[in-house]
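I have placed the structure first, in the form of structure tokens, so that the comments after it can refer back to it.
The values are calculated or read from the model by the stated rules, or taken from the named source; none is laboratory data. Since this is a predicted model, take the numbers as computed values, not measurements. Note that we place each Cβ from the backbone using ideal geometry, even for glycine, and neighbour counts take in every protein chain shown. All accessible areas refer to the heavy atoms of the entire protein, side chains included, with ligands and DNA or RNA removed. Shrake-Rupley method; radii C 1.70, N 1.55, O 1.52, S 1.80 Å.
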Amino acid sequence: TSTGGTSTFRLHRDMGLVSQVFGAQELEHLKGTRAVGHARYSTTGTSTLKNAQPFVVDCFRGQIAVAHNGNLINAAVLRDELERRGSIFQTTADSEIIPHLLAQPSQNGHSPLNVLHRLEGAFSLIIMSEREIIGVRDPFGFRPLVLGKLDGAYILASETCAFDLVHAESVRAVAPGEALIISEEGLRSEWPFGADVESVCRFEFV
């Protein structure tokens, strides 16, 4: 969680069911104006606490937290490239590549999100900075990501059933290849992947 501005992110990660990991004491510590959470087993790397998400990094852009659903098919290539440029990885998860990419300096005045076009695979992301929350969906639309609204605030989730549990309103799906940016100014979209053909995974409908 974050309270915005330059405040330090508050982080709590553990193994197990949500009800086992987050009790009243943990939730009291995590109060803030924005938050990102993750509940998923590891599909790349071992299922250990060090691989638990979200991943939080400090860089020249400030603090960044990343939660990732999916698999990157070019993870080994990107990791090797980043390590040769001096990146130090703490986990065996492919997801850790993403904050390392986002921490790279922008070139030619481009948006920091432009580095995401390097990712290949099926994925949806939620990225939290000190000022914004960003939902990103892979350019083929393999993995779902939806926008909702609760008590005047925007929320993102992998599935609309998460909105039903908290009585939130479903607004729309994040489009394939869209980076939907939520800030105090409202919503805006960037398209870091260019144009691609949607190719939905049939299993998501199951």
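Quick notes on this structure:
- Search result, residues across the range 158-174 that are at pLDDT 95 or above and within 16 Å of the chain's Cα centre (by Cα): Ala173, Val174
- Within the range 1-25, being among the β-branched types (Val, Ile, Thr) and at pLDDT 80 or above holds for one residue alone: Thr8.
- Matching residues in the range 175-187 - criterion: being modelled with pLDDT of 95 or more and closer than 19 Å to Gly152 by Cβ: Leu180, Ile181, Ile182, Leu187
- Output for the range 136-152, where each listed residue is more than 13 Å from Ile182 (Cβ to Cβ) and open to solvent by less than 10 Å² (accessible area, probe 1.4 Å): Asp138, Gly141
- Residue that is closer than 20 Å to His68 by Cα, open to solvent by 20 Å² or more (accessible area, probe 1.4 Å), under 13 Å from the mean Cα position of the chain (by Cα) and without any contact (Cβ under 8 Å) to a residue 60 or more places away in the chain, where the choices are Ile133, Ile155: Ile155
- Residue in the range 89-97 that is surrounded by fewer than 18 Cβ atoms within 10 Å (Cβ to Cβ), within 22 Å of Leu116 (Cβ to Cβ) and at pLDDT below 80 present: no
- Verdict on Ile73 being among the β-branched types (Val, Ile, Thr), in contact (Cβ under 8 Å) with a residue 24 or more places away in the chain and loosely packed, with under 14 Cβ neighbours inside 10 Å: yes
- When residues of the range 45-55 are limited to those that are under 19 Å from Ser87 (Cα atoms) and surrounded by fewer than 18 Cβ atoms within 10 Å (Cβ to Cβ), the one modelled with the highest pLDDT: Lys50
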